[in-house]
1. By per-residue mean of other Cβ atoms within 10 Å, what is the highest-first order of A:66-76, A:129-139?
2. In debye, nearest 20: dipole of the protein assembly as shown around its Cα centre with unit charges on the Cβ of K, R (+) and D, E (-)?
3. Please compute the modelled spin-label separation between B:Val157 and B:Asp128, points set 7 Å along Cα→Cβ, answer in nm with one decimal.
4. For the protein assembly as shown, rounded, prolate or oblate, judged on the Cα gyration tensor with a ≥ b ≥ c (square roots of eigenvalues), a/c < 1.5 rounded, else prolate if a/b > b/c?
5. Placing the label point 7 Å from Cα along the Cα-to-Cβ direction, what are the distances from A:Arg73 to the equivalent spots in the other copies, shortest first, in nm to one decimal?
6. What shape does chain A take by its C-alpha gyration tensor, where a ≥ b ≥ c are the square roots of the eigenvalues and a/c under 1.5 counts as rounded, a/b above b/c as prolate, and the rest as oblate?
7. Between A:Glu96 and the same site in the other copies, what are the distances in nm, shortest first, taking label points 7 Å from Cα along the C-beta direction?
8. Which Cβ of chain B lies nearest the axis of the rotation superposing B onto A, and at what whole-Å distance?
There are 2 protein chains.
Amino acid sequence: MIRAEAADMPDDGAPKTPDRLRRRASRLLSQVSVRSDRLITEGLAQADARKWHYAALASLEEYGPGSQAELSRRTDIYRSDMVGVLNELAERDLVERMPDPDDRRRNIITISTRGRRHLRRLDKVLDDLHDELLAPLSPAERDQFVQLLTRLLDHHVRVS
Amino acid sequence: MIRAEAADMPDDGAPKTPDRLRRRASRLLSQVSVRSDRLITEGLAQADARKWHYAALASLEEYGPGSQAELSRRTDIYRSDMVGVLNELAERDLVERMPDPDDRRRNIITISTRGRRHLRRLDKVLDDLHDELLAPLSPAERDQFVQLLTRLLDHHVRVS
DNA sequence: CCGTTGCGTTAGTCCGACTAACGATGTACG
DNA sequence: CGTACATCGTTAGTCGGACTAACGCAACGG
């Protein structure tokens, strides 16, 4: 059987697959990402939070206290921005900043009890938001989606 | 069988799933998207092009000539930015801008022969870049990935 | 005819990612 | 020891992309 070419298109070397714009993974990725970001940002705003807050708090709870620079590495927030994020968190008494006695260049950041409580709230909020984000996918598909993204990310982190 | 909890974690209400930061679809999405964007942007730069150029040209070839506003809608480039993009394309003679006789508010944008040639080049460049972007995935997985993204996008476009 | 809408264009805002440089401190090594 | 270099937290500032506001003009609908 002969491979079908779009019949209504003059064969001037035009693409074999129509809709290339819509199918380009890079474009899909960026468009979905923008929407995802808006959803999350707006959702978190209603809880007086920002995504960086969640990242910092979650990192503190999961991997324990750390210096600002270390937190920065864990969360991929630039250390110059981390200052502001931690200011916001400290203002709300969600974290504690104290000088490291063993290295006076460092601050040790610790999550507070309020911080843990807040984090728990944010986790719920995010669960709901992700439910909305991934609404059209079945549980299995969601897993697959996360898996594919993870593999892509790992690959590109290694390569960089 | 009893549901396993992470054994090394005191049960202070901590999340049942560790690594939540890394597994959050929204975070994965944004991180992969950033990397994808960098890859594409840098790759296209080597061909003296930007992603908007590709979007505009591809839209012109696939759906035919159109006004700037229409192009804007097709490609999701803001009409205020479209001006600049079309300037860049017109400078390079990839596109022709002419007044619409039927509606003097409009410009009709047409892709030129050079434009088609350029587009073909960009398509090749992008094919290679996507190969790099999706390197860790098998062909079937790439399709699935695109499919999942498409469904997500469609859903959120409808809802908005 | 007039109010509304859509057009192309300019200018400018906003925000997030990222860089540069700082003083203070720590580390390695001759 | 001393001295070169690296790392820390912080401030300031750049850059680019997404988005808004407003404009003069033209078309449309009642």
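The values are calculated or read from the model by the stated rules, or taken from the named source; none is laboratory data. Everything quoted here is computed from the prediction, not taken from an experiment. Neighbour counts run over all protein chains shown; Cβ positions are idealised from the backbone, glycine included. These accessible areas exclude ligands, DNA and RNA; they are computed on the full protein's heavy atoms, side chains included. Shrake-Rupley method; radii C 1.70, N 1.55, O 1.52, S 1.80 Å.
1. A:66-76, A:129-139
2. Working: 56 positive and 56 negative charges, 45 e Å.
My answer is approximately 220 debye.
3. Distance between label points: 3.0 nm.
4. Numbers: a/c = 2.41, a/b = 1.98, b/c = 1.22.
Taking the square roots of the gyration eigenvalues as a ≥ b ≥ c, the protein assembly as shown is prolate.
5. Counterpart label points of A:Arg73 in the remaining copies fall at 5.2 nm.
6. prolate
7. Distances between equivalent label points, in nm: 7.4.
8. Axis-proximal residue of B, distance in whole Å: B:Ser33, 2.
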